[in-house]
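The values are calculated or read from the model by the stated rules, or taken from the named source; none is laboratory data. Worth saying up front: this structure is predicted, and the values here are computed from it rather than measured. Ideal geometry is used to build each Cβ from the backbone, glycine not excepted, and the neighbour counts take in all protein chains shown. Note: areas computed on protein heavy atoms with side chains; ligands, DNA, RNA excluded. Shrake-Rupley method; radii C 1.70, N 1.55, O 1.52, S 1.80 Å.
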Amino acid sequence: MYQVMIFLHVISALLLGSYVVFPFIVGRAATLSGAALEIFMGLLSTLNRVAQFSLIVTFLTGGAMISQVDPKPSALWMALAVVLLIIIGAVTGMIGGRIKKLVANSKAGKSTASDAAKIKTFSWIAAAAVIVAVLFMTNPQLFA
């Protein structure tokens, strides 16, 4: 069972890696308009949704694996892991909201520049949080 948890955890972590490239992909949104922008944002929205589901799987499988190992990692390490996953979830939720707002503004003929800038900012925060989470979670001895 532990091997299955590791497999699911690694696959989910790989899917979370999409947030590392998200800021670079989002930059293209500023150059698009009309139907092309809607299609592109639909793709980003789908990518965001898949990564959010993988975040849930990562959280659940990580918790299951922690319950099965002995000795347990430090309380600080576990707290940081949970906080980082919550940060990633919150920021990616804000990305999803801004994507919807950007599409609505595009359909209404309004400016989308501020929404695209906020999506890019949130994307950089999510990317940094994912990188930090991977570093922390692969090195629990740092907090022993």
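Filtering region 113-131 to residues that are open to solvent by less than 30 Å² (accessible area, probe 1.4 Å) and either within 12 Å of the chain's Cα centre (by Cα) or not charged (D, E, K, R) (or both) leaves Ala116, Ile119, Ser123, Ala126, Ala127, Ala129, Val130. Quick check on Thr92: is it touching a residue at least 24 places away in the same chain (Cβ under 8 Å), surrounded by 19 or more Cβ atoms within 10 Å (Cβ to Cβ) and in contact with a Phe, Trp or Tyr (Cβ under 8 Å, 6 or more places away or on another chain)? The answer is yes for Thr92.
If the condition is being under 21 Å from the mean Cα position of the chain (by Cα) and outside any helix (DSSP H, G or I), then region 17-72 contributes only Gly17. Selection of first residues in region 2-20 that are closer than 11 Å to Leu55 by Cα and of second residues that are open to solvent by 80 Å² or more (accessible area, probe 1.4 Å), restricted to Cβ pairs under 6 Å at least 6 apart or on distinct chains, gives an empty result. Exactly one residue out of Ile99, Ile87 is out of contact with any His (no Cβ under 6 Å at 6 or more places or on another chain), crowded, with 16+ Cβ neighbours inside 10 Å and at pLDDT 95 or above: that is Ile87.
Taking region 132-144 as the range and being under 18 Å from Tyr19 (Cβ atoms) and open to solvent by less than 80 Å² (accessible area, probe 1.4 Å) as the test, the residues that pass are Val132, Ala133, Val134, Phe136, Met137. Contact annotation: residue pairs with Cβ atoms under 9 Å, 6 or more positions apart or on different chains, pairing a residue in region 123-144 that is free of Cβ contacts under 8 Å to residues at least 12 places away in the same chain with a partner that is open to solvent by 80 Å² or more (accessible area, probe 1.4 Å), are Leu135/Leu142.
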